[in-house]
Each structure stands twice: as structure tokens, then as C-alpha cells.
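Engineer: There's a structure below that I have some questions on.
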Amino acid sequence: MRRAGLIRHVRALSRCAALLLVLVATAAEAALLFLCGRLRTQGEGARWLHRWCPRILACIGVEGRVRGPIPGATAASGVQFEAIVANHLSYLDILLLSASLPSVFVAKDEVSRWPLIGWLTTRSGAVYVYRGGRHETYPLVNARMARAFRSGVPVVFFPEGTTTNGTEVLPFRRGLFRSVLRDGVTVRTAAIRYELVVGDGDVAQDVCWCGDAVLVPHLYRLLGFERVRATVTFGAAACGADRFELSEDARECVMELAGHAAEACV
């Protein structure tokens with residue numbers, strides 16, 4: 001047991017070093033591109049993050065897999081715009097989805113202050129919204145969402161509003177569905193699932209990040225596992241005449257996808 005613990009600490013430290021090197025390279029490229037007049041639009045930022053996320057996940061020890069038809073084929077043309085809604089389990093979700101396809105993320109304002117994730121999402125043009133759904137914020141949120149929908153890449157948000165340990169999909173908050181309907185955007189669904197391929201940890205505690213878990217200790221513990229498999233399963237579009245129906249149908253689709261993802265991983 002002591003030897004296994006030592007190996008885990010050595011692995012975590014070596015991955016920390018590798019992750020730091022990749023982040024330095026990422027920051028250097030971002031600065032260079034910005035000076036050259038690039039990374040000025042959300043689409044450019046999303047494609048930049050898409051290139052780097054597989055390397056970041058590899059440094060963390062996460063193996064990403066994609067199932068189902070990947071959204072965005074029509075969104076890239078600028079003719080039809082798409083949103084993607086998914087369950088929310090961890091800070092890894094953004095890295096996993098961005099590695100799967102270029103995306104603009106919608107996140108609560110506090111995400112901008114998260115180590116690593118906040119810096120990456122800001123560089124990629126994320127839309128930050130404040131909690132509480134104050135009426136005076138609706139026009140600003142609608143304007144930001146409308147701009148994101150026209151970025152040329154899908155817009156991703158997590159309607160649960162918080163992370164969970166994966167045992168359930170929380171009721172979807174309906175606020176952002178108002179913007180989806182306002183702009184006539186197709187809503188695609190996705191489900192995320194994590195597995196510990198090697199190791200005796202608990203996915204609900206060691207991979208999923210929720211409750212009062214502290215980010216840095218959680219990430220260090222995660223880095224010590226030999227390999228984590230992450231699967232994102234894309235599904236059909238949700239339907240609904242108003243934000244109540246649309247959010248409920250989207251949740252039902254995500255719950256079904258989450259069940260199928262679990263079966264596929266067995």
C-alpha cells in the first residue's frame with residue numbers, strides 16, 4: 001500500500017510538471033496569436049482551445065472518447081446555429097467537450113476565476129453569466145448569447161447550473177433556453193461519463209467534482225490515477241414550443257443518453 005501511494009504521488013508530480021509545460025506553451029501561443037491579430041473572435045478562440053485540449057487531457061491522464069453524431073457541421077457554415085446542453089460532473093467537462101469539437105462555452109461568472117479552466121475559457125471567448133436570473137441581466141445575456149450563436153461554432157451550456165457526482169441529472173434551469181428560442185437555435189444534447197480504467201478510487205469522489213470539494217487537492221488526487229476514461233455521447237435535438245417544454249425534453253434526452261453511455265462503458 002505504501003509503495004502504491006508513493007507511485008501515485010510520483011505520477012501526480014510528474015503530470016503536474018508536464019501540465020505546467022503545456023500551459024506555458026499554450027499561453028505563449030495565445031500571446032503570439034493575439035499580437036498577430038488573431039484570437040479576436042469567439043470562433044478563433046474556440047478553435048484554438050480545441051487544438052490544445054487533447055494535449056491538456058493527456059497530461060492529466062484522461063483518455064477521451066466520442067460517441068454519436070458530432071454537432072456543428074451546419075453551425076460552421078454560418079447558416080444554421082446550434083447549442084449543446086449536457087450534464088455537468090467536473091471541471092474536466094469543458095476540456096472534454098472542447099477536445100471533441102470547437103465550442104463556445106456559457107458558464108457562471110465564478111468559472112472565470114477558476115485556476116486553469118477560467119484562463120482557458122476566457123481566452124476562448126466564453127460567455128459568463130451571473131447567478132440569480134435578475135430581470136435586468138436578461139438583455140445583456142441575450143445579446144451575448146446571440147453573438148455566441150453567430151460565432152460559427154456550437155455554443156455549450158450546462159443547464160443543471162452546478163456539478164453532480166453523476167448519480168442523477170438535476171432539473172434543468174430554464175433561463176438560457178429563453179435565448180435559444182429567441183434566436184431560433186437548434187438544441188443538441190450530450191451526456192458525459194467518467195471511468196477509472198486502472199485504480200481503486202471512486203469516480204463520484206475522485207473524478208467528479210461537486211459539493212464542497214476543493215479544486216487544487218482534488219486535481220492533485222486525480223493526477224495520481226493511472227488512467228481515466230471520459231466518454232461524451234452526442235444525441236438528438238431537443239424539442240419544445242417554449243422554454244419549459246424545451247428544457248424538460250432536453251433533460252429527458254440527456255438522462256437517456258447518460259444511461260446509454262453507462263451501458264456502453266460496462
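Engineer: Can you tell me how many residues within region 35-73 are of a type in the set (S, T, N, Q) and part of a helix (DSSP H, G or I)?
Structural biologist: Residues meeting the conditions: 1.
Engineer: Within region 222-236, identify whether any single residue is surrounded by 14 or more Cβ atoms within 10 Å (Cβ to Cβ), aromatic (F, W, Y), touching a Leu at 6+ places or on another chain (Cβ under 9 Å) and over 26 Å from I70 (Cβ atoms), and answer yes or no.
Structural biologist: yes
Engineer: Got a number for residues in region 183-216 being of a type outside the set (F, W, Y) and under 20 Å from A107 (Cβ atoms)?
Structural biologist: Total meeting the criteria: 17.
Engineer: For residues in region 143-160 being of a type outside the set (D, E, K, R) and modelled with pLDDT under 90, which is surrounded by the most Cβ atoms within 10 Å (Cβ to Cβ)?
Structural biologist: A148
Engineer: Still on this structure: Hey, could you check region 101-126 for residues that are outside any loop (DSSP other than H, G, I, E, B) and in contact with a Gly (Cβ under 7 Å, 6 or more places away or on another chain) and say which is modelled with the highest pLDDT?
Structural biologist: Checking each candidate, the answer is V104.
Engineer: A further question follows. Out of V228, V232, report the one residue that is part of a strand (DSSP E or B), under 20 Å from L116 (Cα atoms), among the hydrophobic types (A, V, I, L, M, F, W, C) and in contact with a Gly (Cβ under 8 Å, 6 or more places away or on another chain).
Structural biologist: V228
Engineer: Would you point out which residue out of R193, R221, R173 is touching a residue at least 12 places away in the same chain (Cβ under 8 Å), part of a loop (DSSP other than H, G, I, E, B) and basic (K, R)?
Structural biologist: After applying the criteria, what remains is R173.
Engineer: Still on this structure, please answer the following. Could you say which residue among L6, L97, L21, L32 is touching a Ser or Thr at 6+ places or on another chain (Cβ under 9 Å) and either part of a helix (DSSP H, G or I) or modelled with pLDDT of 85 or more (or both)?
Structural biologist: Only one candidate passes the filter, namely L97.
The values are calculated or read from the model by the stated rules, or taken from the named source; none is laboratory data. The structure presented is a predicted model; accordingly, all values stated were derived computationally and were not measured. Positions of Cβ are backbone-derived with ideal geometry, glycine not excepted, and every protein chain shown enters the neighbour counts.
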